[in-house]
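Here is the structure we will look at.
None of the figures in this text is laboratory data; all of them are computed from the coordinates on show. Quick caveat, the model's predicted, so the values are computed rather than measured. Please note: Cβ atoms are built from the backbone with ideal geometry, for glycine as well, and neighbour counts cover all protein chains shown.
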Amino acid sequence: MNANAEEQELKDRLSLIETMIAEGRRGTESWGWVFLLWGVAYYVAILWSSTSFPGPIWGREFLAWPVTMTITFVLTLVIGTRKQGRGAATTIGRAIAAMWMAMGISMFTLLLSLGLSGRGEQQVFIAVIASMLGTTNAASSIILKWKMQFACAVVWWGAAVASLFANVPQSTMVFVVAIFFCQIVFGIYGMIAEARERKRSSAHA
């Protein structure tokens, strides 16, 4: 009898964990717009840094990347705060959000420091950023058991490696392609998944 009770308790715990993971994944899907927004922001920063006033590349990026990332961060906070009020936050959701916020702060600090110091090559810059994005996507996908997001992590890691063996134009192209698949496409995918889930919930209601 005691063994049966322990087995049932274990099943209940596993069921609870699976439910929390599913809720976390749905929560991440509801943030698909963030991936899309930041993907567009990366494109804006790349375009700005390549077309601004003459001078060293880090001088241009000093203006383009920190300013673009700051504006995008503020937009994310404003829009995210409004959307968060519509539903209860889960423990896994808060953990995932904290992880991405920490990555964003690290990225901003790195970009600002590189801009002020004037050090570094574009290939190394792209490799570091892609590695950071790959790590965060991988951690999130492992927690949520989400193969699609882990595929994004693999793309980012591939972009990091490819950038180090490429010249400047090639590394830029690799970065642009990775942004398209891992930010734009994945963001749209999340938004579509959220819309389907909302429609399914309305139908059941």
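Just from the alpha-carbon atoms, what are the Rg and Dmax of region 91-176 in angstroms?
In order Rg, Dmax, the Cα atoms of region 91-176 give 14.0, 43 Å.
What's the exposure ranking of THR68, THR172, THR51, going from fewest to most Cβ atoms within 10 Å? Don't jump to the answer; show the numbers that get you there.
Numbers: THR68 23, THR172 18, THR51 9.
Fewest-to-most ranking of THR68, THR172, THR51: THR51, THR172, THR68.
So how much slack lies between ILE188 and LYS83, counting 0.36 nm per residue of separation and subtracting their Cα-Cα distance, in nm?
Separation in residues times 0.36 nm, less the Cα-Cα distance, equals 36.1 nm.
With a point put 7 Å past each Cα toward its Cβ, work out how far LEU75 is from VAL176 in nm, to one decimal.
In this crude spin-label approximation the distance works out to 2.0 nm.
What is the extension gain from MET148 to SER131, computed as 0.36 nm multiplied by their sequence separation minus the C-alpha to C-alpha distance, in nm to one decimal?
This chain segment gains 4.4 nm when fully extended.
Which FRET efficiency, nearest 0.05, do VAL44 and VAL161 yield, Cβ-Cβ r, R0 25 Å?
Computed FRET efficiency for VAL44 and VAL161 comes out at 0.45.
Relative to the present Cα-Cα distance, how much length would full extension add between ARG94 and VAL168 at 0.36 nm per residue of separation? Don't skip to the end; give the middle numbers.
Values: separation 74, 0.36 × 74 = 26.64 nm, distance 3.77 nm.
Length gained between ARG94 and VAL168: 22.9 nm.
Step through the residues of region 95-106 one at a time and calculate ³J(HN,Hα) from phi using the Karplus curve (6.51 cos²θ - 1.76 cosθ + 1.60, θ = phi - 60°), rounding each to whole Hz and writing x for Gly and Pro.
5, 5, 4, 5, 5, 5, 5, 4, 5, x, 5, 4
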